[in-house]
Amino acid sequence: MPTATHEIKRIAISTGGGDAPGLNAVIRATTLAAITRGWEVYGIRDGYNGLLMPEQYVEGGLIRLTRDRVRGITHLGGTIIGTTNRGNPLNFPIKNPDGTIEEIDRSDELIRAFRLHELDALVCVGGDGSLSIANVLAKKGLMVVGVPKTIDNDLDKTVITFGFDTAVSFATECLDRLHSTAASHRRVLVVEVMGRYAGWIALNTGVAGSADVVLIPEIPYDLKKVAEKIREREDFGSNFSIVVVAEGAKPVGGEVSVMAREVGRPERLGGCGEKVANQLGELTGKECRVVVLGHLLRGGTPTSTDRLTALRFGAAAVRALEEGQSGIMVALDPPVVNYVPLEEATCRMKTVPLDSDTILTARDLGISFGD
Ligand code: F6P
């Protein structure tokens, strides 16, 4: 494996976890910056599955990334090399003959596969899960640079992750559209957005899209307070309300709403919007409807902000490898992109600080958090 003093000839890129708009822009920037340095670039299919289960791919588990292959992809959603949130090599799920599922550590096997293919370094594009795996691989001697990706914006040590701006922009547009129908029918419209255990998407969407109530995981809610807010609005002649609910929001003293738990995968959140709408209907006597934006937030073309961040991250990752750096993540620390240890970036989740100026702004605008 190369170190600072070894020459790099071939690198690999992997995209892991849920997709986010901007992944293809990272792939393009990484590929072009590497080719410019005379390196070969390979995309590992579906996280690490291309190396761990190559037999599953007719054309092989690695995709050679050339100038041609990455032409015209900056604006495309998704990832041309595929992704998965099932293939964690540290807890790889295997099915026993009796049908039970067991998790095994395949990280040493994965490192051997890198050596077998003479891959000198890895650019790992992912969220907290993928980057925690990258950190372990780096500790085991693989040269690794991480790139922070997630629509949730919950990765620490970077001001922003790419994908977030696209998700918030789309959700804000949805709120704009929902305002007129909510007003026409004098309804309460509850809009559930993704974000896992952090309220970034809900908060930014709610403020930018003029919501009346925003419920986020960081502030447990009391629906009686939300109902009061809705009644208050009626007293002032506004017979409709828009309530944005983060999928990870929870009531005071209650738990998050989980849709599914499966071995080898993170728990799937969801259902909170439905519960909030039903209970608000009972508390206010108003007609309530729920809209779950879900995976719509992950699709589509990245905004120019996300494209630029993703391109800057991809190119910076290659510069870091050239400098011989490993075990680090590129991070946005405006106005610059810098490098932080993967260990620090993955040891805690970045949630919304309760004293952040966006929270204060929301309160000044009269938005209720149900507290
Ligand atoms: O982390 C990104 C994210 O979209 C979360 O906001 C959401 O909880 C989760 O992934 C959904 O994952 P899946 O694609 O497995 O449904």
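The values are calculated or read from the model by the stated rules, or taken from the named source; none is laboratory data. Just so you know, these numbers come straight off a predicted model, no measurement behind them. Here the Cβ is made from the backbone with ideal geometry for all residues, glycine too, and neighbour counts use every protein chain on show. In case anyone asks, the SASA skips ligands and DNA or RNA and just uses the protein heavy atoms, side chains included. Shrake-Rupley method; radii C 1.70, N 1.55, O 1.52, S 1.80 Å.
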Val263 meets each of (1) within 15 Å of the ligand (Cβ to nearest atom); (2) in contact with a strand residue (DSSP E or B) (Cβ under 6 Å, 6 or more places away or on another chain); (3) closer than 19 Å to Asp371 by Cα with one exception, condition (3)
| Is there a residue in the stretch 267-276 that is closer than 25 Å to Val26 by Cα and among the β-branched types (Val, Ile, Thr)? | no
task = Can you confirm whether the stretch 51-62 contains a residue that is closer than 27 Å to Phe92 by Cα, away from the ligand (no atom under 16 Å from the Cβ) and surrounded by 24 or more Cβ atoms within 10 Å (Cβ to Cβ)?
result = yes
Going through the stretch 284-328 in order, the residues found to be surrounded by fewer than 19 Cβ atoms within 10 Å (Cβ to Cβ), part of a helix (DSSP H, G or I) and within 16 Å of the ligand (Cβ to nearest atom) are Gly294, His295, Leu296
Quiz item: Residues in the stretch 63-84: is at least one more than 25 Å from Glu7 (Cβ to Cβ), open to solvent by 30 Å² or more (accessible area, probe 1.4 Å) and of a type in the set (D, E, K, R)?
Solution: yes
The one condition Thr351 fails out of (1) in contact (Cβ under 8 Å) with a residue 60 or more places away in the chain; (2) outside any loop (DSSP other than H, G, I, E, B); (3) within 16 Å of the ligand (Cβ to nearest atom) is (2)
Considering the stretch 210-237, residues that are part of a loop (DSSP other than H, G, I, E, B), in contact (Cβ under 8 Å) with a residue 12 or more places away in the chain and not hydrophobic (A, V, I, L, M, F, W, C), and then whichever is most open to solvent (accessible area, probe 1.4 Å), we arrive at Ser210
Per the list (1) open to solvent by less than 40 Å² (accessible area, probe 1.4 Å); (2) touching a helix residue (DSSP H, G or I) at 6+ places or on another chain (Cβ under 6 Å); (3) among the acidic types (Asp, Glu), residue check on Asp120 breaks on (2)
